[in-house]
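So the structure is just underneath, and the comments pick up after that.
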Amino acid sequence: MSEESIRANHTAYNMQSWSKQKGLNPVVVEKAEGIYLWDPSGKRYTDMSSQLVNMNLGHGNKAIVEAIKAQADRYCYISPSYASEPRGELAKLLVSLLPDTFGKIFFTNAGADANENAIKIARMFTGRNKVLSRYRSYHGSSFGAGNLTGEPRRYALEPGIPGFIHFFDPYVYREPVNFASDKEAVDYYIHKLREQVLYENPPTIAAIVLETVTGSNGVLIPPEGYIQGVRKICDEFGIMMICDEVMMGFGRTGKMFAFEHWGVKPDLISFAKGVTCGYIQLGGVAVSSKIAAYFDDRLLSCGLTYSGHPLACAAGIAGVTYLIENKLLDNVQERGAELKQILNGFKEQYKVVGDVRAIGLMSAVELVRDKKTKEPVVSYGQDPEGTMKKINGELVKRGFMTYTHENMILVAPPLIITKDQLAEELSKLGEALAVVDSWY
């Protein structure tokens, strides 16, 4: 098909997510390999967001493709009630990568239903109904995960489900108070959270759910002691701690899972994205041995037709094994240090860059109209003039493909990116920021 026909079909027959449907002009992708995409004219683009922060191993990974082919030759699907080699092997592999408190995996189709099943399991296990999550969070857009979400993408689901309660993130850059230290900030945030737990009646709270590192809502990296403080509150009141590792899991932050940076052991972990690197849809919930044992004699009231899909599990085994055998965590740590250094230079160089935050190969550039007042280039949940779309357009001109959210540019390249590739692409980001600087 011609480029025009492909685009015409897309806009005429597809409803594109998170978009006004009129006037869409998507890039047509002819092929993809490594960190690059090409359109039919041969123009090359660089995937600097790993698509939706899920193509951790880039495009065209042969190990994953061959694993899918091999499983397809055996059988493509079998019900979750049958024993399947890839399903069992992937669950065993994942449990081996988790803290010694973990016992089993419940597979889902993606991150949203992973989070839905995580809170469902926590409610069944505790006999409680309330769930706390943060305002600057995204946990999915299905009805349960959408209520768990705190940012504007939950508005379409309101009025919401009773029992879903939100609290504020440790967003130190935006606080009107200048904390003297991380400890002072942590003491403040943990005190406020514990106070809210008390106000909500602790024996009614099943779980506290948090993206270990807030993802698209700003790459908010918790100050040292915060995650440990949440764990302490959960222990005090018998609340399940659920870490949403959908975006940060499988190497994105330089550890296999982000919670490892703070030495905590959650009760449940939701995952997706990087487990198969987007080659086939797969998500899941890892549960502690204690929770797993609870369901030995009680009904696990969770079920999905495609739970532990054999093709997806084969892809997961290949992807996770490739990540480990090729020591990509080392690459993430090395490239992540370079990414952080260059972004910090942009913060000094460009007046429109108010703050940068980076951990491993996950980062956000926060854009402001004024560094002193920290006024964002767009207001929270609003962009009537399409400012961020224009900024993204400057990046697309240069072949730098990523996405923006609120007043942030997200930079999260595939974990396979090299030193030279990273430097080349960040120079394009610098060029675009210089243009934006001239607007203000």
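The values are calculated or read from the model by the stated rules, or taken from the named source; none is laboratory data. Treat the numbers as computed from the prediction; the structure is a model and nothing was measured. Cβ atoms come from the backbone with ideal geometry, glycine included; neighbour counts cover every protein chain shown.
Scanning segment 37-51 for residues that are assigned to a strand (DSSP E or B) and either under 20 Å from the mean Cα position of the chain (by Cα) or under 11 Å from residue 413 (Cβ atoms) (or both) gives 46, 47.
Restricted to segment 197-209, and to residues there that are surrounded by fewer than 24 Cβ atoms within 10 Å (Cβ to Cβ) and not polar (S, T, N, Q), the residue that is nearest to the chain's Cα centre (by Cα) is 197. A residue that is more than 28 Å from residue 411 (Cβ to Cβ) and part of a loop (DSSP other than H, G, I, E, B) can be found somewhere in segment 162-172. Among the residues of segment 394-421, those that are surrounded by fewer than 21 Cβ atoms within 10 Å (Cβ to Cβ), more than 18 Å from the chain's Cα centre (by Cα) and part of a loop (DSSP other than H, G, I, E, B) comprise 398, 399, 418. Among residues of segment 132-143 being crowded, with 21+ Cβ neighbours inside 10 Å and of a type outside the set (Lys, Arg), the one that is farthest from residue 217 (Cα to Cα) is 132. The residues of segment 289-304 that are exposed (fewer than 15 other Cβ atoms within 10 Å of the Cβ) and either of a type outside the set (D, E, K, R) or free of Cβ contacts under 8 Å to residues at least 60 places away in the same chain (or both), listed by number, are 289, 293, 296, 297, 299, 301, 303. Residue 307 fulfils the conditions (1) surrounded by fewer than 19 Cβ atoms within 10 Å (Cβ to Cβ); (2) more than 23 Å from residue 261 (Cβ to Cβ) except for a single criterion, (1).
Taking only segment 260-288 into account, find how many residues are among the charged types (D, E, K, R) and either farther than 14 Å from residue 101 by Cβ or surrounded by 24 or more Cβ atoms within 10 Å (Cβ to Cβ) (or both). Residues in segment 260-288 being among the charged types (D, E, K, R) and either farther than 14 Å from residue 101 by Cβ or surrounded by 24 or more Cβ atoms within 10 Å (Cβ to Cβ) (or both): 2 in total. Does residue 127 fit the bill of being under 24 Å from residue 205 (Cα atoms), touching a Ser or Thr at 6+ places or on another chain (Cβ under 6 Å) and either at pLDDT below 95 or surrounded by fewer than 23 Cβ atoms within 10 Å (Cβ to Cβ) (or both)? No, not satisfied.
Among the residues of segment 371-393, those that are under 18 Å from residue 347 (Cβ atoms) and surrounded by 18 or more Cβ atoms within 10 Å (Cβ to Cβ) comprise 376, 377, 391.
Of everything listed in (1) without any contact (Cβ under 8 Å) to a residue 40 or more places away in the chain; (2) over 30 Å from residue 422 (Cα atoms), the single unmet condition for residue 327 is (2). Taking the criterion of being surrounded by 10 or more Cβ atoms within 10 Å (Cβ to Cβ) and either of a type in the set (Gly, Ala, Ser) or in contact with a helix residue (DSSP H, G or I) (Cβ under 7 Å, 6 or more places away or on another chain) (or both), the residues of segment 7-31 that qualify are 8, 19, 24, 26, 28. Could you go through segment 244-258 and let me know if any residue there is assigned to a strand (DSSP E or B) and closer than 21 Å to residue 126 by Cβ. Yes, segment 244-258 contains at least one residue that is assigned to a strand (DSSP E or B) and closer than 21 Å to residue 126 by Cβ. Taking the condition part of a helix (DSSP H, G or I), in the same structural domain as residue 221 (by TED's automatic domain parsing), in contact with a strand residue (DSSP E or B) (Cβ under 9 Å, 6 or more places away or on another chain) and under 11 Å from residue 308 (Cβ atoms), does residue 90 pass? Considered against the rule, which asks whether it is part of a helix (DSSP H, G or I), in the same structural domain as residue 221 (by TED's automatic domain parsing), in contact with a strand residue (DSSP E or B) (Cβ under 9 Å, 6 or more places away or on another chain) and under 11 Å from residue 308 (Cβ atoms), residue 90 comes out as yes. Per this entry, residue 70 is counted among residues that are in contact (Cβ under 8 Å) with a residue 24 or more places away in the chain, over 18 Å from residue 323 (Cβ atoms) and aliphatic (A, V, I, L, M).
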